[in-house]
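Accompanying notes for the structure given below.
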Amino acid sequence: MTPPQVIAAVIFIGTIAAMVVRPRGTSEWVWAVTGAVLMIFAGVEPVQLAARAIAARYDVLLFFAGLMVIIAVAEQAGFFGWIAYRAALTARGSQSRLFLAVIAYGAIVAAFLTNDAAALVMTPLIYAFARTMRLSAMPFAFACTFIANGASLALPISNPVNFIIAQAAGLHLFDYLRLLWLPAIVSTSLTGAMLVWVFRRDVRGRFDASQTTVTCSNPRYRLEVTVLLAAAAAALLGAAALGAAVGLTASLAACVLILHALSHKELRCRSTVRGANPSILVLVAALFALVDGLRHSGLLSAPTAGIAALTAWRPEATAPLAGLASALAANVFNNLPTSIVIVAMLHGGQIPAALDARFAAGAIAGCDLGPNFTTVGSLSTMLWLALLRKRGVQVSALDYFKVSAIMAPVVLIATFGALWITAH
């Protein structure tokens, strides 16, 4: 390794470690920005190239911004509270039916409003409801986070990671569905089935369904927001199908929802900004610059060449191999940085263009489902843990692994098997 490569490796590994550990509770974006700045000051990444790397991914940043605002406005309108209420009504007093309803509604939310919405917005609502009904809340909390990842293969808009990788590989909606429709069905249904089996003894019994209520000051406004959410999802899928600017579409949809909220005097600006979490944009932008430093140093050349050699040797195994490598990397480096490394590999030119789609499909599956093994594998899981800590609930890495060790291998192997079929 050359000196620039050593420096780049140390900065990258140190940055990811700090993001995972979060010394003294420091936010992840602070460490990502620090890492990107160190790359520049160390001479590994010229500032012009860092700026160019960020600017080239403007549509990804717009996608994050638009979706976060959409979710924040929907939450203020009571949409997710209404989802939790519908789940409780569907259960008709049965804990097991409530558990199934949470899984089903969580999968729908993850598919059309991202896994972050399913994990981070649904968890507090479902958890609070379970506590109010004096049920064991943890099975429902685990259901929210696992189904969020398990169902996030469904569409390019179901997980920001999907969009990041699909855009880099030029995967339009129908290309995406052609490769991942069967893996998505397998991962979603098997995740749900495994959740039911793992927690079957914890969700027995009944609760008093007569206490189920929904709080909403303006039901008509909530209904209108629900219609606008459906229209936004349709617009995003249309943009993905046409190869148009999905991020710009998401931002325009967010503007429509904001204007609609303003016209009804329902917009709470501070709450919207807090819910949209602008620091996510800073985090993603800094990671683009950080990973571009790795690429510019030449550190990614060897692993990319190794993967290219494997795909040349067994082209039909490209997708499962990419999935396995991505899953392993996601559990070490977190799936968001891993997805950006995948983008750098795709742009490196060493992977044959004819295999880009297969490689991207495998990487998406690995980045979506691989993180289910550990608490640090995905940003949504890390934030999910933080939400529970705020409610006085401590879920240790061991507690999480006791569940994931049973579920994750089965789901991952079956999904990679399905991927072998569709991407062969």
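The values are calculated or read from the model by the stated rules, or taken from the named source; none is laboratory data. Model, not experiment: these values are computed from the prediction. Here Cβ is always computed from backbone atoms with ideal geometry, including for glycine, and neighbour counts include all displayed protein chains. Heavy atoms of the whole protein, side chains included, go into the accessibility calculation; ligands, DNA and RNA do not. Shrake-Rupley method; radii C 1.70, N 1.55, O 1.52, S 1.80 Å.
Just a few scattered comments:
- Cα gyration tensor shape for the stretch 294-357, rounded if a/c is under 1.5, else prolate or oblate: oblate
- Between W181 and A42, the modelled label-to-label distance comes to 4.6 nm, taking each label 7 Å out from Cα in the direction of the beta carbon.
- Using C-alpha pairs under 8 Å with a sequence gap of at least 6, the mean separation divided by the residue count of the chain gives a relative contact order of 25 percent.
- Here the chain has 67 percent of its accessible surface on carbon and sulfur atoms, given a 1.4 Å probe and all protein chains in place.
- Once you reduce the stretch 279-306 and the stretch 371-424 to the center of their Cα atoms, the two points are 24 Å from each other.
- Contour minus Cα-Cα distance for I413 and F174 (0.36 nm per residue): 83.6 nm
- Degrees, to the nearest 10: 379-390 long Cα axis against longest axis of the chain: 40
- Distance cut-off 18 Å, percentage of C-alpha pairs in the stretch 314-424 lying past it: 51
- 19 Å cut-off, amide nitrogen to a point 7 angstrom out along L328 Cα→Cβ, residues in the stretch 297-313: 299-313
- Charge tally for F63 (other residues, Cβ to Cβ under 15 Å; Lys, Arg +1; Asp, Glu -1): -1.
- For the stretch 41-46, the Karplus equation 6.51 cos²θ - 1.76 cosθ + 1.60, evaluated at θ = phi - 60°, returns couplings of 5, 7, x, 6, 10, x Hz by residue, with Gly and Pro reported as x.
- For the stretch 194-202, the Karplus equation 6.51 cos²θ - 1.76 cosθ + 1.60, evaluated at θ = phi - 60°, returns couplings of 5, 4, 4, 5, 5, 9, 4, 7, 8 Hz by residue, with Gly and Pro reported as x.
- Protection proxy ranking of 318-331, 272-285, 165-178, by the mean of other Cβ atoms within 10 Å over each peptide's residues and highest first, is 318-331, 165-178, 272-285.
- Between R206 and Q95, the built amide H atoms are under 5 Å apart, and every one of these is 5 or more places off in sequence or on another chain.
- Average accessible surface area per residue within the chain, 1.4 Å rolling probe, Å²: 41
- Tensor-based shape of the stretch 168-280 (alpha-carbon gyration tensor, a/c under 1.5 rounded, otherwise prolate or oblate): oblate
- When the square roots of the Cα gyration tensor eigenvalues are ordered a ≥ b ≥ c, the ratio a/c for the stretch 78-234 is 1.5 or more and a/b does not exceed b/c, which makes its shape oblate.
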